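Down below is the structure, laid out as structure tokens.
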Amino acid sequence: MPLITLTTDFGTKDHYVGAVKGAIYGELTDVKIVDLSHHITPFSITEAAYVIKNAYTNFPSGTIHIIGVDAEVSPENVPIAIQLDNQYFICCDNGIISMILSEIKPEKIVQITIQKNYDILCDTLDLFVKVACHLARGGTLEVIGKQIDQIKQIKELQPSINAEKNQIMGSVIYIDNFGNAISNISKHIFESVGKGREFEIVAKRHTFQKIYSKYNDIVDFALPLDKRQDDGKSLALFNSSKYLELSIYRSNKRTVGGASSLLGLDYRDNITVKFK
């Protein structure tokens, strides 16, 4: 059974997600649709890239990913389809793919040419669905577009390293549902630059000298429950996607708050690691 994932900034209040699914089922009844996220901040290709990059590797070969973020087709935002890691990605050439494949070379890229009319109200619903269903039937990329070698490049998921190799300058690229502030500093880059040295993580006026392995490592389980004061403590750790994350233990951004609110961190705020 073909597998198609959806990542959009549509939200779930309106009819758009249901309409996309209905259009897919209208072309293919024997298909499985998986929602990655429909709550990407509107037009945030960085958020979308983070979600997709850390989700797609869990899917089997042949999976087709529709990315409906900043997906209004125009002469400057052309539709493309990519074969990468034996999977397919359909989106606009707005830089999102360059952030997803920053460490992997795609097998094939085509500019979608089956639709020349750029006055479509909802390209995700119309054009992307047609391409996804074509691929799900076993069709090839060559049929729906012309092969290209270059795509728009954005390196926002990549931090910078100073010439002395003692500092990593990163930024917040994603705020998750708990209010955790996730940076673009990967565990691999941290260890490659740090080489076991002591460090200090600086985010606005907050500093961290320790990285925990998991959230509840901050808890002293030797203490009785009424003596613990761990809830609300800030901590740094590498999350399940191996990116440096600043968190508040047992946070809830709807009630007590999370790192984004309690530490005053937002998208693109600087996070710096200084090695000693």
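Collect the residues in region 206-218 that are exposed (fewer than 15 other Cβ atoms within 10 Å of the Cβ) and either assigned to a strand (DSSP E or B) or touching a residue at least 24 places away in the same chain (Cβ under 8 Å) (or both), keeping them in residue-number order.
Correct list: 207, 210, 213, 216.
Does region 197-211 include one or more residues that are over 14 Å from residue 183 (Cα atoms), among the polar types (S, T, N, Q), assigned by TED's automatic domain parsing to the domain that holds residue 167 and modelled with pLDDT of 95 or more?
The answer is yes, given that some residue of region 197-211 is over 14 Å from residue 183 (Cα atoms), among the polar types (S, T, N, Q), assigned by TED's automatic domain parsing to the domain that holds residue 167 and modelled with pLDDT of 95 or more.
So that you can scan it fast, the table gives a plain yes or no per residue for (1) more than 19 Å from residue 20 (Cβ to Cβ); (2) surrounded by fewer than 15 Cβ atoms within 10 Å (Cβ to Cβ); (3) at pLDDT below 90:
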{"site": "114", "(1), (2), (3)": "no, yes, yes"}
{"site": "121", "(1), (2), (3)": "no, yes, yes"}
{"site": "125", "(1), (2), (3)": "no, no, yes"}
{"site": "132", "(1), (2), (3)": "no, no, no"}
{"site": "147", "(1), (2), (3)": "yes, yes, no"}
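With the condition kept exactly as written, say whether any residue in region 227-246 is among the hydroxyl-bearing types (Ser, Thr, Tyr) and part of a loop (DSSP other than H, G, I, E, B).
So far as region 227-246 goes, yes, one or more of its residues are among the hydroxyl-bearing types (Ser, Thr, Tyr) and part of a loop (DSSP other than H, G, I, E, B).
May I ask you to list the residues in region 170-201 that are loosely packed, with under 15 Cβ neighbours inside 10 Å and either out of contact with any Lys or Arg (no Cβ under 9 Å at 6 or more places or on another chain) or not in a helix (DSSP H, G or I) (or both)?
Result: 177, 191, 192, 195, 196, 197, 198, 200.
Just to be sure, is residue 17 in a helix (DSSP H, G or I) and in contact (Cβ under 8 Å) with a residue 24 or more places away in the chain?
No.
The values are calculated or read from the model by the stated rules, or taken from the named source; none is laboratory data. Quick caveat: nothing in here was measured; it's all calculated off a predicted structure. Ideal geometry is used to build each Cβ from the backbone, glycine not excepted, and the neighbour counts take in all protein chains shown.
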